[in-house]
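To start, the structure itself, in structure tokens.
The values are calculated or read from the model by the stated rules, or taken from the named source; none is laboratory data. All figures in this text were calculated on a predicted structure; none of them were measured in a lab. Neighbour counts are summed over all protein chains in view; Cβ atoms, including those assigned to glycine, are modelled from backbone coordinates with ideal geometry.
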Amino acid sequence: MAEIVCLGEALIDFVAAESGVSVGEASGFLRAPGGAPANVAVGVARMGRSSAFLGKVGDDPFGRFLESTFASAGVDTGGMVFDPVHRTGLAFVSLAANGERDFCFFRNPSADMTYAPAELDRARIQAGRIFHYGSITLIDQPAQTTTLAAIETARAAGLLLSYDPNLRPPLWPSLAEARTRILETVSYADVVKLNEEELVFLMTADDNFPVESVSTEECRTLAQNFQRQYHPRLLAVTRGPKGSHVRWGEDNSLDAPGLPVKAVDTTGAGDGFVAALLCGLLEHGLAQSGALVDPSRDLLTQIMTQANAVGALTTTRKGAIPALPTREEVAAFRIAQTAL
């Protein structure tokens, strides 16, 4: 059975063929398998650890394409469910010149929204070491109940819990509801990953998203306030080219610098980061029987630098899963970085 079990949505991203245009202006699209928890599962497998993906897709060509893509990457897909009625979700993604994204979703409803508790593969969760989830399957019923049941199953089985909300405003009834639901479910997790925009959104009363970038000092303060209020054992905040900030234990923190690359598409960068972070926790013996062992500063610096490298590399190709690097590619990239 898999060490890292990921539960959530799987969908097809159609990425605009050219940058700097809207979805409606794009001349064509590149089909790319995606969905944040699924991306993490593939990222884990590419980094050489065992992973499983639990979720529901349509029993249609896109759903079967997702299954074969995950399986060919080494992900255990035995817990996937195929819906004969509802279709696999689709997302059309346009890219600005700097690689940032705009989304247009087709889910009315999509199969992942109908994921029911009776369809949950609890045995696969119970056999794992880390359980990773997101917030998209917490939006609609019955997927919300199923996700909460999976969380409880993982906690009872003594797994370490990892949460990346992966905020997508168009999918929520309102931003206020998104903030409330995400913060309600943060307390379940031992490890929480946010990007800088999500951190600012969750910790302020500003209902605009995306939010303005903040200074390093402001990011540190918001992260400290988040950790003190919601008590994750480890909070990682990704900051794009600026790298990442992490807090752990009672009041420890560090900043890991970004690695320079030419960004083509930032889709999946955060998921690659999460995959590398979770693999690092396993490889260094920090995930033990539902508890996170406090690392040394040097060890966590190593883990965060590796995670930053995976995230950076993921931005250099279009799509999420097609861009997630292997362990060998990351090693070569880091060697090239040290030579600069």
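The single condition among (1) within 30 Å of Thr69 (Cα to Cα); (2) of a type outside the set (Ser, Thr, Tyr); (3) out of contact with any Phe, Trp or Tyr (no Cβ under 6 Å at 6 or more places or on another chain) that Ala256 does not meet is (1). Residues of the stretch 24-65 that are among the aliphatic types (A, V, I, L, M), out of contact with any Asp or Glu (no Cβ under 8 Å at 6 or more places or on another chain) and assigned to a loop (DSSP other than H, G, I, E, B): Met47 alone. Of everything listed in (1) modelled with pLDDT under 95; (2) more than 18 Å from Ala189 (Cα to Cα); (3) surrounded by fewer than 16 Cβ atoms within 10 Å (Cβ to Cβ); (4) not small (Gly, Ala, Ser), the single unmet condition for Gln288 is (2). Out of the residues in the stretch 134-154 that are among the small types (Gly, Ala, Ser) and over 24 Å from Asn108 (Cβ atoms), which is farthest from the chain's Cα centre (by Cα)? Filtering first and then ranking leaves Ala149.
Taking the criterion of being part of a strand (DSSP E or B), surrounded by fewer than 21 Cβ atoms within 10 Å (Cβ to Cβ) and among the polar types (S, T, N, Q), the residues of the stretch 227-263 that qualify are Asn252, Ser253. Return the residues of the stretch 166-213 that are polar (S, T, N, Q), assigned to a loop (DSSP other than H, G, I, E, B) and surrounded by fewer than 18 Cβ atoms within 10 Å (Cβ to Cβ); say none if nothing qualifies. Answer for the stretch 166-213, where residues must be polar (S, T, N, Q), assigned to a loop (DSSP other than H, G, I, E, B) and surrounded by fewer than 18 Cβ atoms within 10 Å (Cβ to Cβ): Ser174, Ser187, Thr204, Asn208, Ser213.
Filtering the stretch 307-339 to residues that are among the basic types (Lys, Arg), over 10 Å from Leu259 (Cβ atoms) and either at pLDDT 90 or above or surrounded by fewer than 20 Cβ atoms within 10 Å (Cβ to Cβ) (or both) leaves Arg317, Arg327.
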